[in-house]
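Here's the structure, in structure tokens; my notes come after.
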Amino acid sequence: MKRIYLDHAATTPVRAEAFEAMRPYFGENAYNPSSLHAEGRAARAALDDARDRVAVVLGCKAKELVFCASGTEANNLALFGIARGRRELGAHVVTSRIEHRAVLRATEALREEGFEITLLDVDSHGVVGAEAFAAALRDDTVLATIMYANNEIGTVQPVAQLAEIAHARGIPFAVDAVQVPGQLPLGVRALGVDALAISAHKFYGPKGVAVLYVREGTQIEPLVFGGGQEYGRRSGTENVAGIVGLAAALELAEAERHAFAQRVGALRDRLEAALLASVPGVVVNGRGVARLPNNLSVSFAGLEAEPLLIRLDLEGVAASAGSACAAGSLEPSHVVAALGLPEESRRGTVRFSLGRTTSAEEIDRVATLLPHIVAEQRRIPTVPV
Ligand code: PLP
């Protein structure tokens, strides 16, 4: 039987249009954009064109973009780059408890450098409160960073409002938007943010390429030194093929955004309604607040996520316990822990993330399967650890 992939928040396959756009830059056009010869100039033109197209989607200037190798790197560049760049003004950074590890671990490293970090709590839906955010800002705060949408539970943060609050205190505001392209608006001017990170493999582009928007005039120290590429903010020969693929995938994700949100959101709602109707003891995380249309995070009382996921896998369904990098550890995820769910539900949290090719038949199959699997798992006595 055909497998059902419901883990698009972990990664997505490269779409055909992006793959085709990239192809020449592995072969006949695989030159270095820094070379002066005609071949190099052609590679430079492709790079410039891709940068312009990404700038159109993000609503910014081309020179405000820094291409990097991953969403992790883009977030690290925003954090270390801006915080270190403003070190003489203070050493306090504000973020939330539910950030991706690409941000949380970076703030831990900043702490080692002498920065003080405030980790904001979220409410039971996974949303950062504007008042708590405002109260956390101090005269020595050099950066605030809050994710646009959470990768595990899909909740959307009021980033435009938070950016305004930060700016009223003269504090730059950075956003991890890695889960957002193709699902929510990305216009950086409307959001009013100073830095925003996205990563191509989350929107049907290739792995190993990402982009950080950095508002003109924002002081940012590089993490990587060398030949001075990316306006000196990220040295290293540019991944032309990857950047071209990112641009193609981003344009398409944006063009299809409304249709995607409608179609996939309806499928998500259908799965959610089916589970609520047929499975006792289930909590839908982030229900009732703005969520990514493709995300369904559910906690099953009295269950462990791992055996449930293994059973689903055996039935041909790929889902996840939370973020991919947290999987494999038996610790309940830091995001689920931050929601304050009762202990009996925490460990049984599963994320279904839908994608472009997800069909109603697939959703109905999962909706039919899950009540049986959950009932079966609940009959198995848990062994005390
Ligand atoms: N931030 C969020 C919200 C993510 O979901 C991810 C990927 O899982 C990242 C950052 C890291 O991106 P990448 O996998 O490109 O390093």
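The values are calculated or read from the model by the stated rules, or taken from the named source; none is laboratory data. All values reported here derive from a predicted model rather than from experimental measurement. Note: ideal-geometry Cβ built from the backbone for every residue, glycine included; neighbour counts use all protein chains shown.
Scan the range 334-345 and give yes if some residue there is modelled with pLDDT of 90 or more and of a type in the set (S, T, N, Q), otherwise no. Checked against the condition, which is being modelled with pLDDT of 90 or more and of a type in the set (S, T, N, Q), the range 334-345 yields no hits at all. Considering each of THR118, THR95 in turn, give the residue that is surrounded by 22 or more Cβ atoms within 10 Å (Cβ to Cβ), hydroxyl-bearing (Ser, Thr, Tyr) and part of a strand (DSSP E or B). Residue meeting the stated conditions: THR95. When the range 164-183 is filtered for residues that are within 14 Å of the ligand (Cβ to nearest atom) and out of contact with any helix residue (DSSP H, G or I) (no Cβ under 7 Å at 6 or more places or on another chain), the ones remaining, listed by number, are ALA177, VAL180.
Taken together, the residues in the range 98-115 that are within 29 Å of LYS207 (Cα to Cα) and in a helix (DSSP H, G or I) amount to 10.
ALA324 meets the conditions (1) at pLDDT below 95; (2) more than 16 Å from the ligand (Cβ to nearest atom); (3) within 30 Å of ALA50 (Cα to Cα); (4) aliphatic (A, V, I, L, M) in every case but one. The failed one is (2). Within the range 349-366, restricting attention to residues that are under 22 Å from the mean Cα position of the chain (by Cα) and of a type outside the set (Lys, Arg), the residue that is nearest to ALA273 (Cα to Cα) is PHE352. Any residue in the range 199-226 that's free of Cβ contacts under 8 Å to residues at least 40 places away in the same chain: show its pairings with residues that are assigned to a loop (DSSP other than H, G, I, E, B) at Cβ separation under 8 Å, as long as the two are six or more apart or on different chains. Going by the 8 Å Cβ cut-off, the qualifying pairs are VAL224/ARG234; VAL224/SER235; VAL224/GLY236; PHE225/SER235; GLY226/SER235; GLY226/GLY236. Would you say ALA74 is surrounded by 15 or more Cβ atoms within 10 Å (Cβ to Cβ), within 16 Å of the ligand (Cβ to nearest atom) and part of a loop (DSSP other than H, G, I, E, B)? No: the conditions fail for ALA74. Can you tell me which residue is nearest to the ligand (Cβ to nearest atom) among those in the range 120-158 that are charged (D, E, K, R) and free of Cβ contacts under 8 Å to residues at least 60 places away in the same chain? Within the range 120-158, the match that is nearest to the ligand (Cβ to nearest atom) is ASP123. Selection of the range 184-197 for residues being over 16 Å from ILE220 (Cα atoms) and either within 12 Å of the ligand (Cβ to nearest atom) or not in a loop (DSSP other than H, G, I, E, B) (or both) yields VAL188, ARG189, ALA190, LEU191. Listed by first and then second residue, the pairs with beta-carbon distance under 7 Å, at least 6 apart or on different chains, first residue in the range 368-381 and of a type in the set (D, E, K, R), second buried (at least 18 other Cβ atoms within 10 Å of the Cβ), are ARG378/LEU303. Where strands (runs of 3 or more DSSP E) sit wholly within the range 203-316, those with at least 3 residues that are in the same structural domain as ARG189 (by TED's automatic domain parsing) occupy 210-214. Looking at ALA253, is it under 17 Å from the mean Cα position of the chain (by Cα) and crowded, with 24+ Cβ neighbours inside 10 Å? The answer is yes for ALA253.
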